[in-house]
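One structure below.
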Amino acid sequence: MSVARINTGVITRFAPSPTGFVHLGNIRTALFNVLLAHKQGGDFLLRIEDTDAERSKNEFTAALMQDMRWLGLNWEQGPDDDTGKPGAYHQSQRQHLYQVHYDSMQESGKVYPCFCSAQRLAVLRKIQLSAGQPPRYDGMCAHLSKDEVEKKLAEGQKSTLRFRVPSATEVTFTDLVRGEQRFASDDIGDFIIRRGDGTPAFFFTNAIDDALMGVTHVLRGDDHLTNTPRQLMLLQALSMREPEYGHISLIVGNDGAPLSKRNGSMGIRDMREAGYLPEAIVNYLSRLGHYYADNSFMSVDGLAAQFDTSHLGKAPAHFDLIQLQHWQKEALNAADDDTVWQWLGEAVHKNVPVDKKDLFLKVIKPNINNPDQGLDWAKVFFGDELTIEDDAQQAIDEAGKEFFGIAARVFAEEADFKTAIKTIGKQTGKKGKQLFWPVRAALTGKVHGPEMSDLSLLLGVEKIVERCKRAG
Ligand code: GLU
């Protein structure tokens with residue numbers, strides 16, 4: 001899976017939890033990491049964060065891998081079993097590595113077992129919140145003696161493992177998107193790095209794996225911004241490498257609320273099903289929250305070459321279906337005939353005669369945005385039934401019976417479409433829109449569409465005459 005380029009040591013990553021199908025929001029995070037890695041001549045890494053055994057599913061990992069491959073977001077490092085079966089890049093298979101660090105931190109006293117019940121913690125939280133304080137652990141178990149700990153363990157009490165947050169220090173870092181960040185350690189409170197059931201906490205595995213995998217840059221959603229000081233403290237405590245972090249703004253719908261199904265978010269699978277082309281999605285998403293001076297349609301490599309973290313916006317990025325449609329048009333224009341033909345699918349293939357395929361593609365490509373529209377045009381040209389849209393019917397009615405009587409006769413006698421139209425114009429006294437609209441409406445059932453002379457070649461004289469007669 002390696003690409004012929006010199007690795008500069010830069011490694012970015014996408015670290016999804018496979019608990020559902022990927023949607024536009026997560027895929028944009030993956031994309032920005034791909035673009036950053038490739039811009040810098042580095043590797044993009046895919047890591048599956050499946051520590052939540054109940055909610056993580058291999059089928060979601062498999063689907064994620066397929067979706068990313070379909071979009072052209074390939075990883076230089078990461079799983080290569082397309083069935084989603086866990087391997088070295090799945091956190092569920094890395095417990096032994098986490099254990100090493102739990103042990104070393106326990107030995108050095110940087111962590112301690114906490115026996116506080118969920119109930120006690122809930123009450124503590126309530127009290128702090130009602131006093132207007134940020135909720136944080138009060139350190140109840142931070143100073144238990146060795147004997148006390150052993151006694152509780154012997155009694156069979158369950159414990160979590162807490163990281164001892166250094167007091168009265170400041171965690172600072174320069175965010176690639178948001179600049180200088182400062183967090184007071186005293187606001188944070190000792191936090192859990194291993195749960196009562198022995199499963200590792202997100203803060204821990206995520207930070208450890210970034211270090212172990214040599215990740216140099218992390219672009220992720222700004223919902224993770226407040227996790228970063230915790231993760232940096234852990235890495236500092238373990239003397240492990242700290243990546244640079246950049247927290248990207250969330251995507252919001254046109255109602256200003258976080259992007260969800262209700263306001264326009266779509267799963268990548270659903271988009272594929274609906275006929276979106278991968279290049280359209282990639283071109284759109286790379287500009288959603290990242291500014292490109294160049295508005296031309298580009299490949300992933302082209303987009304990477306112009307990617308710049310200083311062009312990532314701090315404000316929420318607004319999802320805009322019209323923009324997505326614009327890139328869909330661009331992607332279709334850029335696609336070759338074979339790709340468009342495959343994309344149109346079985347139903348269209350069945351409706352288009354082989355000898356008309358090339359012309360059909362040329363004619364409809366600029367006029368459609370999805371395969372359903374392609375099928376609609378295939379039926380217009382090659383089907384027997386014609387559905388007349390309302391505005392087309394109006395144009396037909398306005399032209400009147402006599403107009404179509406003349407049109408049918410002229411088309412039957414004159415093979416050259418342009419000459420025929422001229423003759424119809426002369427004989428009916430109509431010109432411009434009054435001449436073209438009714439003809440177009442009668443022939444296609446629509447008032448907009450491809451060039452008239454192209455239409456005529458696809459329809460053939462018989463259908464043209466018949467449809468004029470039917471309109472009259
Ligand atoms: N598994 C985490 C998530 O899906 C990863 C967060 C991160 O990118 O660090 O939210």
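Quick rundown of the values:
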read-out	value
Dipole magnitude of segment 68-165, debye to nearest 20 (Cβ charges: Lys/Arg +1, Asp/Glu -1, about Cα centre)	540 debye
Using distinct alpha-carbon pairs, which all enter the 1/r mean, Kirkwood radius of the chain in Å	26.8 Å
Calculated on alpha-carbon atoms, Rg and Dmax of segment 401-472 in Å	10.5, 27
Leading residue at positive end of dipole, the chain (Cβ point charges), from Trp377, Thr228, Ile424	Ile424
Dipole of the chain, positive direction: furthest Cα of Pro353, Ser299, Pro134, with charges on the beta-carbon	Pro134
Rg to Rh quotient for segment 46-139, alpha carbon positions, Kirkwood Rh	1.16
Rounded accessible area per residue of the chain, 1.4 Å, Å²	49 Å²
Added length on full extension, which subtracts the Cα-Cα distance from 0.36 nm per residue, Gln342 to Glu107	78.5 nm
Inter-centroid distance (Cα atoms) of segment 65-98 relative to segment 171-192, Å	30 Å
Tilt relative to the chain, helix 58-71 - C-alpha long axis, 0 to 90 degrees, to 10	50 degrees
Separation of alpha-carbon centers, segment 239-273 and segment 361-420, rounded to whole Å	43 Å
Hydrodynamic radius of segment 370-420 per Kirkwood, over alpha carbon pairs, in Å	13.1 Å
Nearest 10 degrees, 0 to 90: helix 390-413 Cα axis against the chain principal axis	40 degrees
Cross-link reach list, aspartates and glutamates versus Lys356, counting only Cα pairs under 17 Å and skipping chain neighbours closer than eight places	Asp336, Asp337, Asp338, Glu346, Asp376, Asp384, Glu451, Asp454, Glu462
Over the chain: helical MRE at 222 nm, DSSP H runs n ≥ 4 each giving -39500 (n - 2.57), nearest 500	-14500 deg cm²/dmol
Rounded percent of accessible protein surface that carbon and sulfur make up, the chain, 1.4 Å probe	50 percent
Share of Cα-Cα pairs in segment 150-250 lying beyond 15 Å, as whole percent	65 percent
Across Lys126/Lys261; Lys418/Lys469; Lys350/Lys446; Lys85/Lys261, pairs whose alpha-carbon gap is larger than 26 Å	Lys126/Lys261; Lys85/Lys261
Degrees, to the nearest 10: 118-130 long Cα axis against longest axis of the chain	80 degrees
Nearest-20 debye value, the chain charge dipole, Cβ charges on Lys, Arg, Asp, Glu	680 debye
Accessible area of Glu244 in the full protein assembly, 1.4 Å probe (Å², nearest 10)	90 Å²
P(r), alpha carbons of segment 245-365 - 5 Å bins starting at zero, rounded %	2, 10, 17, 19, 18, 14, 9, 6, 4, 2, 0, 0
GluC sites (Glu not before Pro) restricted to segment 144-237 and DSSP loop, no more than 15 other C-beta within 10 Å	Glu155
Orphan Cys of the chain, criterion: no other Cys C-beta under 4.7 Å	Cys116, Cys468
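The values are calculated or read from the model by the stated rules, or taken from the named source; none is laboratory data. Not measured: the values here are computed from a predicted model. All Cβ positions, glycine included, derive from the backbone under ideal geometry; neighbour counts span all protein chains shown. Please note that ligands, DNA and RNA were not included when accessible areas were found on the heavy atoms of the full protein model with its side chains. Shrake-Rupley method; radii C 1.70, N 1.55, O 1.52, S 1.80 Å.
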